[in-house]
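Report on the following structure.
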Amino acid sequence: MKKPELCENINEIRFHIDAIDKHIIELIGERAQYVKVASKFKVNEATVKAPERFKAMLLQRRSWAVEEGLNPDVMEKMYTDLVNYFINEELNDWKIKNGNE
């Protein structure tokens, strides 16, 4: 991939943005696989939701955002939405595995 400052036109910029976005989505898919397997280590709904872990995770993501020069509020919102989605998926999977569905 070219560095952004070396791109010569908008099409090159868009090509690289699309490639990065595809990679991000692939990584989110990989993250989803870990979330799915994590449900087998959870003993109840509270451990699936893990509110203290969720809170600590968001603080860490905010810190990483600052390190990257990104708006931590935007990154927190993005991760809140993403992780809430995964918590719901994991909770559904946990219920099925434990005969609660």
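The values are calculated or read from the model by the stated rules, or taken from the named source; none is laboratory data. Predicted model only: the values in this text are computed from it and were never measured. Here the Cβ is made from the backbone with ideal geometry for all residues, glycine too, and neighbour counts use every protein chain on show.
The set of residues in segment 83-101 being surrounded by 14 or more Cβ atoms within 10 Å (Cβ to Cβ) and not in a helix (DSSP H, G or I) consists of Asn98 alone. For segment 26-44, enumerate the residues that are of a type in the set (A, V, I, L, M), modelled with pLDDT under 95 and surrounded by 10 or more Cβ atoms within 10 Å (Cβ to Cβ). Ala32, Val35, Val37, Ala38, listed by residue number.
Of the set (1) over 30 Å from Asn98 (Cβ atoms); (2) touching a residue at least 40 places away in the same chain (Cβ under 8 Å), all apply to Glu68 but (2). Summed over segment 1-41, residues that are among the aliphatic types (A, V, I, L, M) and under 30 Å from Lys95 (Cβ atoms) total 8.
When the residues of segment 37-65 are filtered to those that are in a loop (DSSP other than H, G, I, E, B) and of a type outside the set (A, V, I, L, M), which remaining residue is nearest to Gly99 (Cα to Cα)?
We begin by selecting, within segment 37-65, every residue in a loop (DSSP other than H, G, I, E, B); these are 42-44, 50.
Next cut, of a type outside the set (A, V, I, L, M) only: 42, 44.
Working: Lys42: 14, Asn44: 12 Å.
Restricting to residues being in a loop (DSSP other than H, G, I, E, B) and of a type outside the set (A, V, I, L, M), the top hit is Asn44.
Yes or no, residue by residue, for (1) charged (D, E, K, R); (2) surrounded by 13 or more Cβ atoms within 10 Å (Cβ to Cβ):
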| site | (1), (2) |
| --- | --- |
| Met1 | no, no |
| Asp21 | yes, no |
| Ile24 | no, no |
| Ala46 | no, no |
| Met57 | no, yes |
| Ala65 | no, yes |
| Glu68 | yes, no |
| Asp81 | yes, no |
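Inspect all residues belonging to segment 20-36 and state whether any of them is assigned to a loop (DSSP other than H, G, I, E, B) and without any contact (Cβ under 8 Å) to a residue 24 or more places away in the chain. Before you say what the answer is, go through the steps one by one.
So in segment 20-36, the residues assigned to a loop (DSSP other than H, G, I, E, B) come out as none.
Looking through segment 20-36, none of the residues is assigned to a loop (DSSP other than H, G, I, E, B) and without any contact (Cβ under 8 Å) to a residue 24 or more places away in the chain.
Counting just the residues of segment 45-83 that are modelled with pLDDT of 95 or more and among the polar types (S, T, N, Q), which one comes out nearest to Ile24 (Cα to Cα)? Result: Thr80.
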